[in-house]
Every structure is written in C-alpha cells, then in structure tokens.
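Engineer: Once you've had a glance at the structure underneath, I'll fire off some questions.
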Amino acid sequence: MHLRVKALESVLVEKGFVDPAALDAVIELYAEKVGPKNGAQVVARAWTDPAFRARLLEDATSAVAELGFTGSQGEHVVAVENTETLHNLVVCTLCSCYPWPLLGLPPVWYKSNAYRSRAVIDPRGVLKEFGVELGEQTEIRVWDSTAEVRYLVIPQRPAGTQALDEAQLATRVTRNGMIGTALL
Ligand code: FE
C-alpha cells in the first residue's frame, strides 16, 4: 500500500496535478491541529445544550460550523445518537471516508478490509472484538459513509458526570466512541 501510494503521488507530482508541499501541509494540518478533540467538543456541547443537540441532529453540518468546524471531508455531516436501545456504528465499506474536520485522519483499522467488510456483515461480532458487548435488545445501526456524507456518533453521556462542565465532559469523549466502536 505504501509503495502504491508513493507511486501514485510521484505520477501526480510529475504531471503537475499536485504540489508535494501542499500534500505535506494537508497531512500536517489534520495530523497535528485537527483531531478527535474537535468532535469531542461537539459531543460535550450536545450533552449540555439541548437546543444545540436538536440543531445537531437536524443539520449537523451547520451545527458543527457554529463551533468553527468546517472544511474538506466535512461538507455534509450527519450526527447519529446512541440511546439505551440503539447503538450506531460508522464504516466506509468502499474506502475510508471519515469526518476529517471533527475527527482528524482515520485510524489504520478503519481503512482495513477486515473492518470495512465485517462491520456490515457482523457488527455485533466486530463490536465484541473492540470490547463492546451490547445486549440483544440493543439495535445496532451501521452507517456506510460516502464521499458526500460523513457520520458522527453522539455517544451516551457516561453516568455520574452531572457535575462536570462542558470542557470536562469533552475530555471523556473518545475517538472510537464517536465512530461507534467504543462506549464511554
Ligand atoms: Fe470512503
């Protein structure tokens, strides 16, 4: 894979379609400056501000833009909320589509063939491997991302966090929680 990516990059550079410095800048931006802490801020806001939560579920793209999270790979975001009886899991069966402005770059396992195929065939089994065991009464909904639509899971707020403020709550939200492969 690494060699194929290198080969593709050199052809694109050679033909003048991309500037290597621009590629480095994009990678550095999403690896260093943008990351799951953005999504965590969105989730914490949704937990503490019912009006924001409603806007987020109605139109996530404009709700997250209120917090300044816009840009490439985040043009059309849909937020899906976990409840006592519903668990949401996000995958991109075709490649690795992911809400970059909210979660940064996708983890390696998210891009793997195994996750991409099995998340839709056996979501309960995949979740178990991530250490997530859900009761039979909990429905699992799998969302297949595309180049147009990216998903953000709003995990359930952990018990015993009533006293925490928004910033403290955000530290409890994990990247996997927002993909649906972890509970908080
Ligand atoms: Fe994709």
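Engineer: How much length is gained on full extension from GLN156 to THR85, taking 0.36 nm per residue of separation minus their Cα-Cα distance?
Structural biologist: In short, 24.5 nm is gained.
Engineer: Then there's this: Roll a 1.4 angstrom probe over the protein heavy atoms and tell me the percent of accessible area of the chain that is carbon or sulfur.
Structural biologist: 56 percent
Engineer: Rounded to the nearest 500, what is the chain's calculated 222 nm mean residue ellipticity when only DSSP H runs of at least 4 contribute -39500 (n - 2.57) each, over all residues?
Structural biologist: My calculation for the chain gives -12000 deg cm²/dmol from helical runs alone.
Engineer: For LYS111, give me every one of the lysines with a C-alpha distance below 18 angstrom, ignoring sequence neighbours fewer than eight places off in its own chain.
Structural biologist: Filter leaves LYS6.
Engineer: Let me ask something else. For the chain, what is the accessible area per residue in Å², given a 1.4 Å probe and the full set of protein chains?
Structural biologist: Per-residue value: 55 Å².
Engineer: Report the local net charge at ARG124: Lys and Arg +1, Asp and Glu -1, summed over other residues whose C-beta lies under 15 Å from its C-beta.
Structural biologist: With Lys, Arg at +1 and Asp, Glu at -1, the neighbours total -2.
Engineer: What figure, in Å² to the nearest 10, do you get for the accessible area of ASP49 with a 1.4 Å probe and non-protein molecules left out?
Structural biologist: 50 Å²
Engineer: Could you work out the pair-distance distribution P(r) of the range 36-179 from its alpha-carbon pairs, with 5 angstrom bin width and percents rounded to whole numbers?
Structural biologist: 2, 10, 20, 23, 21, 15, 7, 2, 0
Engineer: Would you kindly state how much longer the chain becomes between LEU94 and TRP109 on full extension, computed as 0.36 nm times their sequence separation minus their alpha carbon distance, in nm to one decimal?
Structural biologist: That works out to 4.0 nm of additional length.
Engineer: To the nearest 0.05, what FRET efficiency results for GLU129 and GLU166 with a Förster distance of 45 Å applied to their C-beta separation?
Structural biologist: Efficiency computed from Cβ-Cβ geometry: 0.90.
Engineer: Under the 0.36 nm per residue contour assumption, what length would be gained going from the current alpha-carbon distance of ALA25 and PHE52 to full extension?
Structural biologist: So the extension gain works out to 6.5 nm.
The values are calculated or read from the model by the stated rules, or taken from the named source; none is laboratory data. Since the structure is predicted, the reported quantities are computational estimates derived from the model, not experimental observations. Glycine gets a Cβ as well: all are built from the backbone with ideal geometry, and neighbour counts include every protein chain shown. With ligands, DNA and RNA removed, areas are computed over all heavy atoms of the protein, side chains included. Shrake-Rupley method; radii C 1.70, N 1.55, O 1.52, S 1.80 Å.
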